[in-house]
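Read the figures in this text as sums done on the coordinates, not as results from a lab. Quick caveat: nothing in here was measured; it's all calculated off a predicted structure. Don't worry about glycine lacking a Cβ; one is built from the backbone with ideal geometry, like all the others, and counts go over all protein chains shown.
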Amino acid sequence: MSMTTAYAAQEPTRTEVDALPGVTLLEFGAPWCGHCRAVQPPLATVLAERPAVRHLKIEDGSGRRLGRSFRIKLWPTLILLRDGQELARLVRPRDGQALDEMLALAD
């Protein structure tokens with residue numbers, strides 16, 4: 001698997017996310033968000049080193065149920081899941097080291 005570059009046109013349901021097997025990284029944000037754009041290069045680097053990690057890029061905003069179910073308040077918020085269970089979360093990561101440390105939990 002590789003990094004997803006575009007936000008999903010339709011978000012999955014919470015039930016679908018909870019049923020995903022293996023390791024998944026959920027990225028909540030918006031295409032116009034400066035913080036979200038800034039994290040893309042380090043995120044791409046970290047995900048390139050872990051091809052087994054599924055990456056779901058979810059556009060969040062008012063009325064988006066999936067983001068509310070994960071209590072998303074700021075963008076980007078990245079949530080690491082294994083078999084649908086949350087292992088870790090990062091809110092507005094500033095560098096690749098924090099991302100790498102979070103993804104190391106899934107190794």
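One chain, two ends: GLU49 and THR13. Fully extended at 0.36 nm per residue, the span grows by 10.2 nm beyond their Cα-Cα distance. Considering only THR5, LEU74, THR45, the residue lying farthest towards the positive end of the dipole of the chain is LEU74, judged by Cα position with unit charges set on Cβ.
Rounded to whole numbers, the Karplus 3J(HN,Hα) couplings from phi for the stretch 66-75 are 5, x, 5, 5, 9, 6, 6, 10, 10, 10 Hz, using 6.51 cos²θ - 1.76 cosθ + 1.60 with θ = phi - 60°, and x at Gly and Pro. Computed over the chain with a Gaussian network model linking Cα atoms closer than 10 Å, the most mobile of GLY96, GLY34, GLY63 is GLY63.
Each 5 Å bin from zero holds the following percent of Cα-Cα pairs in the chain: 2, 13, 26, 28, 20, 9, 1.
Among 52-60, 7-15, 79-87, the peptide with the highest mean count of other Cβ atoms within 10 Å heads the list, and the full ranking is 52-60, 79-87, 7-15.
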